[in-house]
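First comes the structure, then the notes that go with it.
The values are calculated or read from the model by the stated rules, or taken from the named source; none is laboratory data. The structure presented is a predicted model; accordingly, all values stated were derived computationally and were not measured. Virtual Cβ from ideal backbone geometry, glycine too; neighbours counted across all protein chains shown. Calculation scope for accessible area: heavy atoms of the full protein, side chains included, ligands and nucleic acids excluded. Shrake-Rupley method; radii C 1.70, N 1.55, O 1.52, S 1.80 Å.
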Amino acid sequence: MNLQFILSLITCWLVVVDAKLLGLHFDVEVHALNDWPLDATNPQSQRSKDTVQYLANSLISFYMNVIYLLKDTKLEVIPAIPFGYSLINVNRGGTIKLFSSWIQDMTKTVLLMAYRSDGNDILSISRSIVNYAAQTAKKVVLAVETMQVLPSFITFHRKWNSYMQAQLTIVDNSLKTNAGYQGQAIHFYSSFRLRGPENFNMTYGKTRALYVWDPDAWVITTERRQLLSFAVQMKFNTFYLHVGNWINAQRIWPTLNQTIWECDARKIDVYLMYGNHSWALEPAEGMRQVSNTVLFVQRYKFNR
């Protein structure tokens, strides 16, 4: 089973990392696959209905396997989900629940891609998932977008920091007494840094997270210093650190260790982030990637 090999790789990798790592953040978006129907929230054909059920169940199985393999560790698994998952009922073994609820029930925290540029709109698409978290003793971190993407209403790109601050304050003021609300996250460092630090501080919720997608931001020493300085200045306390293909590069593992230790010294929590949407479908390509990486892991452990 290809998925098992992929997850075994992750477990093996975690044995190698010596630093203070809190968990894994997965950006496995089954709705981004080509087979995902455009009418998924209201399927108009039996084929669309069957496809949604199959892909949704595949993603749920993926997370069940991840959590099982990490059950003996202290590492938290944080999935990213869009608000649309709260509009889809999924039948799994005769039990029907919202797609978002299946994932929330398995994990302690989910990251909700609440991609809107208006505070009230963010609340509108987030509230049901946050409320469900409160009812089930779970947590939700709300992520907002700063990249240049379309449609423009899903991103804070080209909007003043003071405006963004005001909208996130609306969200925080409305949810801060909700037991399911954990905080907010900015997607992502490279685009957000270009805005400059003026008129903005990340002061919302217990978790104040920053996505770091570009590995150069932590691999290159001078870039890492800038990243850490920026995070402290802006009051971030959590990184979702993308490792990408660097996981295959044995030479970079000590640098990752050093990065996590430097973050810990600044009271910044670190979650390693993986983003491969096709993992939910157990791709054959995973076998090749895993075989290569297992060799790196074995060699690294042998030479320590």
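Determine the shape class of region 177-246: with a ≥ b ≥ c the square roots of the Cα gyration tensor eigenvalues, call it rounded for a/c under 1.5, and otherwise prolate if a/b is greater than b/c, oblate otherwise.
Cα axes put region 177-246 in the oblate bin.
How would R158, R193 line up by accessible area, probe 1.4 Å, largest first?
So, going from the largest accessible area down, we get R158, R193.
Which order do peptides 107-113, 173-179 fall in by mean Cβ count within 10 Å, highest first?
In descending order of packing, they fall as 107-113, 173-179.
Take the Cβ-Cβ distance between Q44 and S128 as r, set R0 to 22 Å, and report the resulting FRET efficiency rounded to the nearest 0.05.
Here the calculated transfer efficiency is 0.40.
Would you check the accessible area of E262, probe 1.4 Å, heavy atoms only, in square angstrom rounded to 10?
Surface accessible to solvent at E262 totals approximately 40 Å².
Could you tally the net charge around I186, taking each other residue with its Cβ under 9 Å from the Cβ of I186, Lys/Arg +1 and Asp/Glu -1?
In short, 0.
Once R0 is set to 30 Å, what does the formula 1/(1 + (r/R0)^6) return for the Cβ-Cβ distance between N89 and N34, expressed as a FRET efficiency to the nearest 0.05?
For N89 and N34, the calculated efficiency is 0.85.
Leaving ligands, DNA and RNA out of it, rank D216, D172, D72, D35 by accessible area with a 1.4 Å probe, largest first.
In descending accessible area the options line up as D72, D35, D216, D172.
Report ³J(HN,Hα) in whole Hz for each residue of region 125-132, in order, from the Karplus equation J = 6.51 cos²θ - 1.76 cosθ + 1.60 where θ = phi - 60°; Gly and Pro get x.
Calculated HN-Hα couplings, in order: 8, 9, 4, 5, 6, 5, 5, 5 Hz.
Could you go through region 53-67 in sequence order and give the Karplus-derived ³J(HN,Hα) for each residue, using 6.51 cos²θ - 1.76 cosθ + 1.60 with θ = phi - 60°, rounded to whole Hz, and x for Gly and Pro?
Result, ordered by residue: 5, 5, 5, 5, 5, 4, 5, 4, 5, 4, 5, 4, 5, 4, 5 Hz.
Taking 0.36 nm per residue of separation and subtracting the Cα-Cα distance, what length does fully extending Y163 through D216 add?
16.1 nm
From the convex hull of the Cα coordinates of region 49-183, what is the mean projected area in square nanometres?
For region 49-183, the mean projected area of the Cα convex hull comes to 9.3 nm².
Hey, can you grab everything whose amide H is under 5 Å from the amide H of T207? Only 5+ residues off in sequence or another chain; H modelled, so Pro and N-termini drop out.
HN-HN under 5 Å from T207: G183, Q184.
When you count, for each residue, the other Cβ atoms within 10 Å and take the mean per peptide, how do 227-239, 88-100 rank with the highest first?
The densest-packed peptide leads the list: 227-239, 88-100.
What's the FRET efficiency of M106 with K235 using the Cβ-Cβ distance as r and R₀ = 35 Å, to the nearest 0.05?
It comes to 0.70.
Return the long-range amide H neighbours of V28 (sequence gap of 5 or more, or a different chain), with a cut-off of under 5 Å between placed amide H atoms.
Those qualifying (amide H under 5 Å, at least 5 residues apart or on another chain) are A80.
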